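Quick notes on the structure that follows.
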Amino acid sequence: MEAATERPLVTLGPKARGIESPRAFTDIEPVTRPRVTHPELHRSGLGLPLVGRVASGDPNAPPDGYRVPITLLALPRGPAGECCEAALVDPGLVETVRTAHGDLPVAMDLEAPLAATRVTGPRLGAGIANLLRPGGFTGGRPRIVFLQPFDPDKVPVVLVHGLMSTPRMWEPLVLDLLTDPAIRARCQFWFFYYPTGKPVPLSSFQLREALDEAARTHELKRPMILIGHSMGGILSRAQVSRLTLEDARTMVPRVASLPESSVVRRALVLEPRTDVARVVFLFTPHRGSRLASGGLGAWAIRLIRIPDTLLTEFGIGAEELSALRGNRLPTSIHGLSPRSRFLQALDRTPPTVPTHSIIGDRGRGDGPAGSDGVVPYTSSHLASAESELVVPTGHSGIAHPQAIAELKRILRLSLAEIPAGGITTGGVAKAPAAR
């Protein structure tokens with residue numbers, strides 16, 4: 001026994017906390033059949049990995065609460081190593097426990113909570129329904145949903161999915177990103193879930209509103225990083241772009257006659273956000289896609305049903321509707337056509353923050369003549385981007401190893417420019433006191 005030593009019984013990671021109260025959880029489940037697709041998210045050691053459910057009044061929490069990793073340990077009661085007291089610890093923060101045989105690692109499973117959570121939304125099939133019937137959106141209302149409980153010291157990474165999709169598409173990518181210790185320690189992942197059949201400017205407006213609401217509720221200390229796939233890249237670009245009233249007139253000639261509170265006007269006259277540090281575009285059609293204007297696009301447009309109730313949701317009255325071309329709301333497919341006036345207006349103004357492009361070419365190496373099968377290189381390329389990487393994959397290849405490596409590089413670059421602030425290093429915690 002090393003009774004005289006003052007070394008802590010538990011060695012922690014970057015924050016001076018990590019021992020959890022059972023009262024913090026509404027439900028605790030053991031990980032009986034661990035799924036190991038990413039060994040970096042697992043650690044063999046002492047204790048039983050568990051998944052704890054945290055019920056929360058947080059408006060950005062998943063529908064059934066947060067799922068967090070915990071480990072059940074038997075900790076010594078005092079510095080002399082008397083045995084024992086059960087404790088629940090955060091394995092991301094509690095790395096080792098002191099024993100008579102030296103410091104031993106604490107078991108960890110970070111995959112199980114992600115598999116258990118509903119934060120990524122329903123299965124991908126729901127994306128088709130959300131495209132064709134946006135009025136019956138399965139998510140209730142477009143909103144930002146957090147993967148983990150909000151941490152003011154972590155940088156929000158906001159993931160915005162594209163057409164005919166849901167946040168579930170991000171699960172493989174998030175698992176890959178979490179394997180990087182720096183990203184895991186300093187980033188928190190947010191998802192924007194929305195029905196993709198609505199007009200693109202209105203979806204970008206709803207993203208803006210959702211980000212505003214999350215920022216007000218949680219008092220952000222760190223700027224956000226936006227990552228958008230396909231149409232989600234367009235919505236993200238709109239957050240860091242400036243469009244004037246003159247720009248809006250090219251889309252809705254009578255926009256100046258609408259009140260400043262009008263949703264149509266607010267969706268088209270844009271000021272760039274000041275709480276975004278960087279944007280990453282994944283396979284984004286900045287200048288549209290021919291598929292949106294060809295036979296397939298025309299077929300999809302005929303199937304999409306935007307109900308009259310959606311006009312009320314947007315606050316659009318008869319006067320505003322008559323200001324729109326054709327006296328009807330355009331669909332998202334219209335908004336992705338190379339003829340889209342909204343895309344043309346965005347393309348005339350460079351983003352106000354550093355941006356990066358990851359572009360697919362289906363492995364053919366065609367360069368400027370290439371395409372990811374949906375978006376041609378000429379549409380994905382952004383001259384103002386700080387970096388551009390062409391990846392040999394198709395339009396849905398967000399989890400391609402080269403794309404993941406580039407995303408990790410970009411996130412680490414951004415983290416290096418954002419001070420860690422309140423995060424302390426070398427924190428320690430003591431074992432629970434004997435009762």
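The values are calculated or read from the model by the stated rules, or taken from the named source; none is laboratory data. Since we're looking at a predicted model, the values are computed, not measured. Neighbour counts are summed over all protein chains in view; Cβ atoms, including those assigned to glycine, are modelled from backbone coordinates with ideal geometry. What goes into the accessible areas is simple: the full protein's heavy atoms, side chains included, and nothing from ligands, DNA or RNA. Shrake-Rupley method; radii C 1.70, N 1.55, O 1.52, S 1.80 Å.
Odds and ends about this structure:
- Distant-in-sequence amide H partners of residue 388 (H built 1.01 Å from N, under 5 Å): 357
- Note, ³J(HN,Hα) from phi for segment 347-352, Karplus 6.51, -1.76, 1.60, rounded to Hz, x at Gly and Pro: 5, 7, 10, x, x, 8
- Across segment 203-217, rounded Karplus estimates of 3J(HN,Hα) from the backbone phi angles (6.51 cos²θ - 1.76 cosθ + 1.60, θ = phi - 60°) give 5, 5, 5, 5, 4, 4, 5, 5, 5, 4, 5, 5, 5, 5, 5 Hz, Gly and Pro being marked x.
- Vicinal HN-Hα couplings computed from phi for segment 275-288 (Karplus, 6.51 cos²θ - 1.76 cosθ + 1.60; Hz; Gly/Pro x): 10, 10, 8, 6, 10, 10, 9, 10, 6, 9, x, 4, 10, x
- As a rough guide to protection, the peptides 226-232, 95-101, 373-379 ranked by mean Cβ packing within 10 Å, highest first, stand as 226-232, 373-379, 95-101.
- Diffusion constant of segment 12-75 at 10 °C, which comes from Stokes-Einstein with the Kirkwood Cα-pair radius and 1.306 mPa s, µm²/s: 117 µm²/s
- Candidate aspartates and glutamates for bridging to residue 221, where Cα separation is under 20 Å - those fewer than 8 sequence places away on the same chain excluded: 58, 151, 153, 209, 212, 213, 275, 417
- Residues whose amide H falls under 5 Å from that of residue 20, counting only those 5 or more places apart or on a different chain, are 88, 89, 90, with hydrogens built in the peptide plane.
- Taking amide H atoms as placed 1.01 Å from N in the peptide plane, the amide H of residue 276 lies under 5 Å from those of 224, each 5 or more residues away in sequence or on another chain.
- For the peptides 397-405, 273-281, residues were scored by their other Cβ atoms within 10 Å and the scores averaged per peptide; the highest-first order is 273-281, 397-405.
- The per residue volume of the convex hull around the alpha-carbon atoms of segment 181-261 is 130 Å³.
- Dividing the C-alpha radius of gyration of segment 136-228 by 2.2 N^0.38 Å, with N its residue count, gives 1.08.
- Residue 53 accessible area, 1.4 Å probe, all protein chains in place, Å² to nearest 10: 70 Å²
- Carbon/sulfur fraction of accessible area - segment 337-425, other protein chains in place, 1.4 Å, %: 54 percent
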